[in-house]
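The values are calculated or read from the model by the stated rules, or taken from the named source; none is laboratory data. Quick caveat, the model's predicted, so the values are computed rather than measured. As a convention, Cβ positions derive from the backbone with ideal geometry for all residues, glycine included, and neighbour counts pool all protein chains shown.
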């Protein structure tokens, strides 16, 4: 399965990645996938389930009933030696609708991770790191939507990270309460 670029005679990066991944064990492929989706396996499963037909959902549900669940040890492949795994404030995986404005671009998407420091917004578009963003979203069990400013601090495979700017004490408490409350079902 070696395909060369007809102009340069070189193998393309996609093929090299395919070959690399194909050579990994199933466990290593799964661990790599988890890292690429930033450990948001449940979020990805939810999205897949939403796209299933009602009949497929019933079949899936029946399969889950027959499936034994066993805890497996988690292994990690470090793709970035400088990646910081320690965060000052806890994060919560979520799926919260958000309306955003970056420059003159307006779009709607989902927040898939939140902390009192910032959010990760799932989006296909990329914006420059350092770009300011305005966001409006409503957290469960909170009456009024939060309208916040932020700064894009990184781009990832599935979106970008944002650091909040100028949060007042009330906004910080609302987010801190949401992140620490495990009883809230989304």
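The residues of region 12-33 that are surrounded by 10 or more Cβ atoms within 10 Å (Cβ to Cβ), under 23 Å from residue 160 (Cα atoms) and modelled with pLDDT of 75 or more, listed by number, are 17, 33.
Considering region 139-164, the residues that are within 18 Å of the chain's Cα centre (by Cα) and either not assigned by TED's automatic domain parsing to the domain that holds residue 110 or not in a strand (DSSP E or B) (or both) include one that is modelled with the highest pLDDT, namely 139. Over 18 Å from the mean Cα position of the chain (by Cα), surrounded by 14 or more Cβ atoms within 10 Å (Cβ to Cβ), assigned to a loop (DSSP other than H, G, I, E, B) and not assigned by TED's automatic domain parsing to the domain that holds residue 47: is that true of residue 167 in this structure? Yes; evaluated as a whole, the condition is true for this residue. In region 124-131, is there at least one residue being under 22 Å from residue 175 (Cα atoms) and in contact with a strand residue (DSSP E or B) (Cβ under 9 Å, 6 or more places away or on another chain)? No; the residues of region 124-131 include none that is under 22 Å from residue 175 (Cα atoms) and in contact with a strand residue (DSSP E or B) (Cβ under 9 Å, 6 or more places away or on another chain). Show the residue pairs meeting these rules: Cβ distance below 7 Å; 6+ apart or different chains; first residue within region 42-54 and outside the structural domain of residue 113 (by TED's automatic domain parsing) and touching a residue at least 24 places away in the same chain (Cβ under 8 Å); second residue surrounded by 11 or more Cβ atoms within 10 Å (Cβ to Cβ) and not in a loop (DSSP other than H, G, I, E, B). The qualifying pairs are 42/93; 43/93; 43/95; 43/112; 46/95.
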